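K.L.:
This structure is in structure tokens; I'll ask about it shortly.
The values are calculated or read from the model by the stated rules, or taken from the named source; none is laboratory data. Predicted, not measured: the structure shown is a model, and the values here were computed from it. So basically every Cβ, Gly included, is an ideal-geometry build from the backbone, and we count neighbours across all protein chains shown.
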Amino acid sequence: MGNAQAGQSGLTWLIFALMTVASWGVYGVFLHTGQMAMGDPVNGRFKSFLFVGLAYFLTAVLAPLAFLLIRGADWRLPAQGMSWSLVAGIMGAIGAFCVLLAFGAKGQPPVVMSIVFAGAPIVNAITAILMHPPAGGLSTVRWPFVLGLMLAAAGGCLVTLYRPMDARPPQKTALAAQTVEKTPTRH
């Protein structure tokens, strides 16, 4: 265990995990709001994703670079570590992009994000078990684990099917309002 990890209290990981839950929990709503605020029904999602990329650069490139420099880290970067990390980043970016494409294909943000956040833990659990099988093999996987996967799927379905409906009509973007004003009326 590294010195940085050894000095952390037993629940520090939980605080960071909950911070991730909070930040990813608002991601879809904020992303959709940004997409709509672009005022461009055709390309707004791509414009929004451009700023997501900028945010990734600021957060995922500059912040770790600063930490590495401050900590005086060595710059050995094994090919296998770089490859897996690059693949992980690509998968994350593809997922973020597909969220926007789902919104653009008329997916409602609460539904899209419920499916994503219920389905992703299931995919994560299955992938982790296949890539890093438990001691004794797959036959040692206990039934509560399988039940947990089924409950996660059921929870995603229930949240999607029985979500509270928005009482307000959808807000028109500035571009949509201008288009309505310019449309001639028939008498």
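K.L.:
Just give me the residues in segment 148-162 being under 16 Å from residue 109 (Cα atoms) and surrounded by 11 or more Cβ atoms within 10 Å (Cβ to Cβ), in sequence order. Give the derivation first.
P.N.:
We begin by selecting, within segment 148-162, every residue under 16 Å from residue 109 (Cα atoms); these are 156-162.
Selection gives 156, 157, 158, 159, 160.
K.L.:
Would you call residue 97 out of contact with any Leu (no Cβ under 6 Å at 6 or more places or on another chain), exposed (fewer than 15 other Cβ atoms within 10 Å of the Cβ) and closer than 30 Å to residue 155 by Cα?
P.N.:
Here the answer is no, as residue 97 does not meet what is asked.
K.L.:
Picking from 53, 92, which residue would you name as being without any contact (Cβ under 8 Å) to a residue 60 or more places away in the chain and more than 26 Å from residue 149 (Cβ to Cβ)?
P.N.:
Of 53, 92, the one residue that is without any contact (Cβ under 8 Å) to a residue 60 or more places away in the chain and more than 26 Å from residue 149 (Cβ to Cβ) is 53.
K.L.:
Scan segment 135-142 and tell me whether some residue there is modelled with pLDDT of 80 or more and either under 28 Å from residue 34 (Cα atoms) or among the hydroxyl-bearing types (Ser, Thr, Tyr) (or both). Even if it seems obvious, please write down each step before you answer.
P.N.:
Within segment 135-142, the first condition is being modelled with pLDDT of 80 or more, and the residues that meet it are 135-142.
So of that shortlist, the ones also either under 28 Å from residue 34 (Cα atoms) or among the hydroxyl-bearing types (Ser, Thr, Tyr) (or both) come out as 139-140.
There is at least one residue in segment 135-142 that is modelled with pLDDT of 80 or more and either under 28 Å from residue 34 (Cα atoms) or among the hydroxyl-bearing types (Ser, Thr, Tyr) (or both).
K.L.:
Of everything in segment 72-90, what is surrounded by 10 or more Cβ atoms within 10 Å (Cβ to Cβ) and closer than 21 Å to residue 56 by Cα? Give them in sequence order.
P.N.:
Those that are surrounded by 10 or more Cβ atoms within 10 Å (Cβ to Cβ) and closer than 21 Å to residue 56 by Cα: 81, 82, 83, 84, 85, 86, 87, 88, 89, 90.
K.L.:
Considering each residue of segment 108-147, count those that are surrounded by 11 or more Cβ atoms within 10 Å (Cβ to Cβ) and over 21 Å from the mean Cα position of the chain (by Cα), and give that number.
P.N.:
Qualifying residue count, segment 108-147: 6.
Here's the yes/no breakdown for (1) touching a helix residue (DSSP H, G or I) at 6+ places or on another chain (Cβ under 9 Å); (2) not assigned by TED's automatic domain parsing to the domain that holds residue 144:
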| position | (1), (2) |
| --- | --- |
| 49 | yes, yes |
| 52 | yes, yes |
| 57 | no, yes |
| 62 | no, yes |
| 90 | no, yes |
| 101 | yes, yes |
| 119 | yes, no |
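K.L.:
Let me ask you something else. So, restricting to helices (runs of 4 or more DSSP H) that lie completely within segment 1-100, which ones have at least 3 residues that are more than 23 Å from the chain's Cα centre (by Cα) and among the hydrophobic types (A, V, I, L, M, F, W, C)?
P.N.:
Where helices (runs of 4 or more DSSP H) fall fully within segment 1-100 and carry at least 3 residues being more than 23 Å from the chain's Cα centre (by Cα) and among the hydrophobic types (A, V, I, L, M, F, W, C), they are 63-71.
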